[in-house]
Amino acid sequence: MAPPGSLQTLLSPAELSFLHSSLSLQPPIRPDLRKSTQFRPLTAETDILPTTNGSARICYNDGTEAIVGVKAELEKTATQGRAKVDAETMDDVEEGNEHAGFQRRVTKAANSWLETSVEVPGFRDDDSLPIFLGALITEALLSSGTLQDKLWINERWHWKLYIDVLLLSPPLSYPLPLLSLTTHMALLSTSLPRLISEPSDDPLFDDDWAAAVPLYAKDAHGEYTARPPATLLVMTVGTNILFDPSKDELAVAESVIAVSFIPRSDRAASSVDDAMKIVAVRMVDPPSRLTPPGIPDAVNPATLSASAPAPQSSVNQEALSSAVKGSVWNPPRGGMKRSLLAQIVKMVTQSGGVGEEVLEGLAGVET
Amino acid sequence: MEYVSPEGLRLDGRRPMEMRQIRGEIGAVAKADGSAVFEMGNTKVIAAVYGPREVQNRSQQISDQALVRCEYSMANFSTGDRMRRPKGDRRSTEISLVIRQTMEACIMTHLMPRSQIDIFVQVLQADGGTRSACINAATLALADAGIPMRDLVTSCSAGYLNSTPLLDLNYVEDSAGGPDVTVGILAKMDKVTLLQMDAKLPMDIFENVMQLATEGCKAVAQCIQEVLLENSKKLEYQRGP
């Protein structure tokens, strides 16, 4: 859907250095003057494709755009080996094993009931980027643990859910949050046909699409009782934490992590006042590692004669280059401080934090 | 199977010479130079045009005209049953070629030497007539990108089932196995640029069916012209006095 664009930024070392220093200020000055936790505006619409079970389209104002279609198919549950696991679970229940509840869920639903494919323009299906993005999205969906259970019909039948993610624009900035939020919206709009047969019979469904049961139901107040996970990209520069980095900002990121979260369902019962629960965290290799390093005047053969006396011995050169290293742009190496990581997680999960804000924003989207 | 009822109604309630509802919208992909969504009933196609711009692969550069490239792809969720299809399978390669040739026939490539125009077509929903919908979407997107063309190419299909010529086949009628004639015309110049039929049909009936498809193309052309006019008005309004 788009010509293969380069993931690499075309900024010079001097521009990178400028960007990096303005992002390391307290508070950081971002190129588009956003606050550090502020998100870029986006346009979203759901239920755009009537032949899918659920669909959504999100467009950021920088022109990146994605469409997600969710399709459900009826599938027979493989019974091979399941009976044995069931028996084990039964034993566990009898023994009063505290993990029994968990195991019973495992026997009910399987991770293979969910399949995600990501299409990125300019990449083949088996290239690493689409597969990595697909894995990140699937991982978060599966580890939230509630989605698989919703696909269970009875002992012999289940829904198989296919989530197809299409990136329409060239992958300008790291497209993970875009794809994840679009998937989130599509899943919220997903409905499955209503079951009209007896629970234990071979399933028979209502032809009336208007009667279909939404995958994520709303309660009496019109709020979702549970929600699919959302994934955010967070980058750090120095001690600054920046949410939703743009392409240029990513080019100077010291480290980038992807945080997936869901709203806590046990919020009222628990003593901790967190609004969100982390379901997946992953370090992402920042594109800044591929940026060209700057060359200080003192060691640049082109400007050497003008700014410095004739070259001295190689030992002096070494000393010189390490002394001026801080003055020019150098691609960042190394990871993230643990305290910083903890701070990010706190900013996402705390009540009134970034996570809650994002989900509230997305809930405001009307179909 | 009965595709036309004794009352003369088709499976989806249309008359034999009735088209599905068509809708065009310009500017669907923000990043592209030109883009459009085109719907024919339940068939929904999105097209994006990039260019004219510098040729990416120098060895493909043509010194006296523009290089036109086209990529057609079908979303996994576009069909009734979800289908996993690899990129560049035979069918999509063939349709890419058909679209490219049709569009190339009307783009004034000689005005843009040593440049490249990329047309991307993505089928979001397939319900018969994807080929026609793709060509119509590509025309809209090319016009949106401001690429000089001789005329607007529009396309429509027609078939022949239950000894009745039918205009604008949907998926059920398309997969009935009867003859399916896809026609692409330059509406104002009244010239045929695309003609495909994958079955046999007596000559006199073929004439009828083709005539019907051509009428369909003209109807599409009118719709596309309205969309373009509306878009131009909007642009002029946005530009101000």
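The per residue volume of the convex hull around the alpha-carbon atoms of the protein assembly as shown is 243 Å³.
In order along segment B:22-38, the phi-based Karplus estimate (6.51 cos²θ - 1.76 cosθ + 1.60, θ = phi - 60°) of 3J(HN,Hα) comes to 10, 8, x, 9, 9, x, 8, 10, 5, 7, 7, 6, x, 7, 7, 10, 10 Hz; Gly and Pro are listed as x. Protection proxy ranking, highest mean first, for peptides A:114-124, A:330-340: A:114-124, A:330-340, where packing is the per-residue count of other beta-carbon atoms within 10 Å, averaged. Straight-line cross-link reach from residue B:188 at under 30 Å between alpha-carbon atoms covers these lysines, not counting any fewer than eight positions away in the same chain: B:44, B:200, B:218, B:233, B:234. The aspartates and glutamates within cross-link reach of residue A:337, meaning a Cα-to-Cα straight distance under 19 Å and a gap of 8 or more places when in the same chain, are A:254, A:285. Averaging 1/r across all pairs of distinct Cα atoms in segment A:187-252 and inverting the result yields a Kirkwood radius of 15.9 Å. Computed on segment A:214-266, with alpha-carbon pairs under 8 angstrom and 6+ residues apart, the relative contact order is 36 percent. Residue ranking by accessible heavy-atom surface, 1.4 Å probe, largest first, among A:276, B:203, B:19 comes out as B:203, B:19, A:276.
Computed 3J(HN,Hα) for segment A:236-252, one whole-Hz value per residue from the Karplus formula 6.51 cos²θ - 1.76 cosθ + 1.60 where θ = phi - 60°, is 10, 9, x, 9, 7, 10, 10, 8, 6, x, 7, 4, 5, 5, 4, 5, 10, glycine and proline marked x.
Mean per-residue shielding of peptide A:123-131 is 1, counting Cβ atoms of other chains within 10 Å of each Cβ. Counting Lys and Arg as +1 and Asp and Glu as -1, what is the net charge of the other residues whose Cβ lies under 15 Å from the Cβ of residue B:17? Within the 15 Å Cβ shell, the charges total -1.
Dipole magnitude for chain B: about 800 debye, using +1 per Lys or Arg Cβ and -1 per Asp or Glu Cβ, origin at the Cα centre. Taking the charge dipole of the protein assembly as shown about its Cα centre, with +1 at Lys and Arg Cβ atoms and -1 at Asp and Glu Cβ atoms, the residue from B:147, B:40, B:179 reaching farthest to the positive side is B:147. Shape call for chain B from the C-alpha gyration tensor, a ≥ b ≥ c root eigenvalues: rounded (a/c under 1.5), prolate (a/b greater than b/c) or oblate? Note, shape of chain B comes out prolate. Taken residue by residue and averaged, Cβ atoms of other chains lying within 10 Å of the Cβ of B:70-83 number 5. Cross-link partners of residue A:150 among lysines, defined as those whose alpha carbon lies under 27 angstrom from its own and excluding same-chain residues fewer than eight positions apart: A:71, A:76, A:84, A:108, A:160, A:218, A:277.
With contacts taken as Cα pairs under 8 Å at a separation of at least 6 residues, chain B carries a relative contact order of 21 percent. Peptide A:111-121 is shielded by partner chain Cβ atoms: per residue, an average of 2 of them sit within 10 Å of its Cβ. Comparing A:58, A:251, B:121 along the charge dipole axis of the protein assembly as shown, the residue lying farthest to the positive side is A:251, per the Cβ-charge model. If only the Cβ of Lys and Arg carry +1 and only the Cβ of Asp and Glu carry -1, the dipole of the protein assembly as shown around its Cα centre is close to 1720 debye. Taking the Cβ of residue A:1 as the centre, find all other residues whose Cβ is under 11 Å away and add up their charges (Lys, Arg: +1; Asp, Glu: -1). Computed value for this residue: -3. For residue B:48, the shell of other residues with beta-carbons less than 11 Å away shows a net charge of -4, using +1 for Lys and Arg and -1 for Asp and Glu. Across every pair of non-identical alpha carbons in segment A:226-286, the mean reciprocal distance, once inverted, gives a Kirkwood radius of 12.9 Å.
The values are calculated or read from the model by the stated rules, or taken from the named source; none is laboratory data. Remember, predicted model here, so these are calculated numbers, not experimental data. Here Cβ is always computed from backbone atoms with ideal geometry, including for glycine, and neighbour counts include all displayed protein chains. Just the protein is used for accessible areas: all its heavy atoms, side chains included, with ligands, DNA and RNA removed. Shrake-Rupley method; radii C 1.70, N 1.55, O 1.52, S 1.80 Å.
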